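Structure first, commentary second.
Values quoted throughout were computed directly from the atomic coordinates according to the rules given, and no laboratory measurement underlies them. Owing to the predicted nature of the structure, the values given are computational and were not obtained by experimental measurement. As a convention, Cβ positions derive from the backbone with ideal geometry for all residues, glycine included, and neighbour counts pool all protein chains shown.
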Amino acid sequence: MICTDTSHKLGQKLKTYLSSKWINSFIKGIVLILVFWALYHQIFQKENLEELWDTFLASQSSFRWPWLALVLVLMPLNWTFETLKWRTLVRSFTKISFIKAFQGVLLGVMVSMFTPNRIGEYGGRILVVQAEHNWRAVIATLVGSFSQLLVLLSFGIFGCTFFVSNYLSLEPFLLRSFIIVGLAFAGILVFCFFNIDLLVPIAKRIPFNDKLKSYLRHLLVLKNYSAKVLGEALVFSVLRYVVYCLQYYFILQFFGIQVGLLAAFSGICTIYLIQTSVPLPPLMGLVARGEIAVFVWSFFEANEISILAATFGLFIINLSIPALLGVGVIVKINVIKSLGYENENN
C-alpha cells in the first residue's frame with residue numbers, strides 16, 4: 001500500500017514536471033519566433049538594404065573602420081550603465097549579482113524587440129529575480145525608465161534649443177516659450193523623481209477594487225528609494241546618455257557625415273528628444289528613427305543613404321546584438337518558475 005502511494009506521488013510529480021517543462025518550452029519557442037520575426041522584418045526586409053550595404057562597404061574601404069570599432073566597444077558600456085542603474089534600484093528588496101542583472105537587461109532588450117513602446121523590458125527583466133519580487137522589479141524598471149526619460153528630455157531641450165536657433169527659422173517668441181515650458185516641465189519631472197515615494201499615499205486614495213488593492217503593497221518599495229539611491233540611478237542614466245550620444249557621433253564619422261562636434265550633439269539630442277516624444281509600435285520604430293535623422297542631418301547636406309545607414313547601423317549594434325545575446329540567456333531560464341507558477345520542489 002505504501003509502495004502504491006509512493007509510486008502514485010512520484011507519478012504525479014513526474015506528470016507535473018513534464019507538463020511544466022512542455023509549457024516552458026512552448027513559451028520559449030513563441031518568444032524566440034517573435035524575436036527572430038521582428039529582427040528579420042526590421043533587417044532583411046528593409047528598403048534600400050542593398051544600398052545600405054554598399055554604403056557600409058564603401059565606408060569600411062575608406063579606412064574609417066576605427067570609428068566603427070569605437071561604436072562597438074562602447075556598446076557593452078552602454079548596457080553596463082543600464083545594468084548598474086537597474087541593480088541599484090532592485091538592491092533595496094533583493095540581492096542580485098551584476099551578471100544576473102546584466103542577463104535581465106539583455107532579456108528585456110530581446111522581448112522589447114516585438115512589444116510596443118519597449119514594454120517588453122519589464123517582462124524580460126523579471127525573469128532573473130525571484131517570483132515574489134516580480135512586481136517590485138517592474139517598479140524598479142519603471143523608476144529607471146523615469147530617470148532615463150528625465151535625462152533625455154533635459155538634454156534634449158538644450159540640444160533642441162541650440163539646433164532650432166541655429167538651423168530653423170523660428171520666431172524668437174516661440175523659441176523663448178519653448179525654452180520656458182521645457183525647463184518648467186523638466187523641473188516638475190525632477191521634483192516628481194526625487195519625491196517618487198509620494199505616489200504611495202496618492203495611490204491609496206484612489207478607489208480600486210479589492211483585487212487591484214492587493215497589488216498596491218508592491219508600491220511600498222518606492223519608500224526605500226532615498227535621494228542617494230535615486231541620485232545614483234540618475235548618474236548612471238546620464239553616463240548612458242553620454243555613451244550612446246558618442247556612439248551616434250562616431251557612427252556619423254564612419255559613414256562620412258561631417259558635422260561639427262557641437263552641432264552634431266545638438267542634432268543627436270534633438271533626434272532623441274523627438275523619438276522619445278513619439279511612441280510607436282516596434283516595427284515602425286526603426287523607420288521613424290530614420291525619417292527623423294534624415295530631417296535633422298539634411299541641414300548639414302548629408303547624403304540620405306549615409307544617414308539611414310548610420311541609423312540602421314546603430315540599431316544593429318545597440319539593439320539587435322544584445323537581443324541575440326538575450327536569446328542565449330532565455331534558453332537557460334525556467335520561465336514558469338521565474339513567473340511563480342512552479343514550486344521549488346517540482
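Which of rounded, prolate or oblate describes the stretch 2-338 when judged by the alpha-carbon gyration tensor and an a/c cut-off of 1.5? Oblate is the answer for the stretch 2-338, as a/c is 1.5 or above yet b/c matches or exceeds a/b. Each peptide in 311-319, 179-187 was scored by the mean count of other Cβ atoms within 10 Å over its residues; highest first, the order is 311-319, 179-187.
Annotation: for a label point projected 7 angstrom from Cα along Cα→Cβ of T94, residues of the stretch 124-167 with backbone N closer than 19 Å are 124-145. Positive-end ranking of F158, G290, G144 along the dipole of the stretch 2-338, with charges on Cβ about the Cα centre, is headed by G144. Sorting the segments 145-152, 80-87 by their residues' average number of neighbouring beta-carbon atoms within 10 angstrom, most packed first, yields 80-87, 145-152. Go ahead and run the numbers for FRET between L183 and W22, Cβ-Cβ distance against an R0 of 56 Å, rounding to 0.05. So the FRET efficiency works out to roughly 0.50. How charged is the neighbourhood of F236? Take every other residue with its Cβ under 14 Å from the Cβ of F236, and add Lys/Arg as +1 and Asp/Glu as -1. Local net charge: +3.
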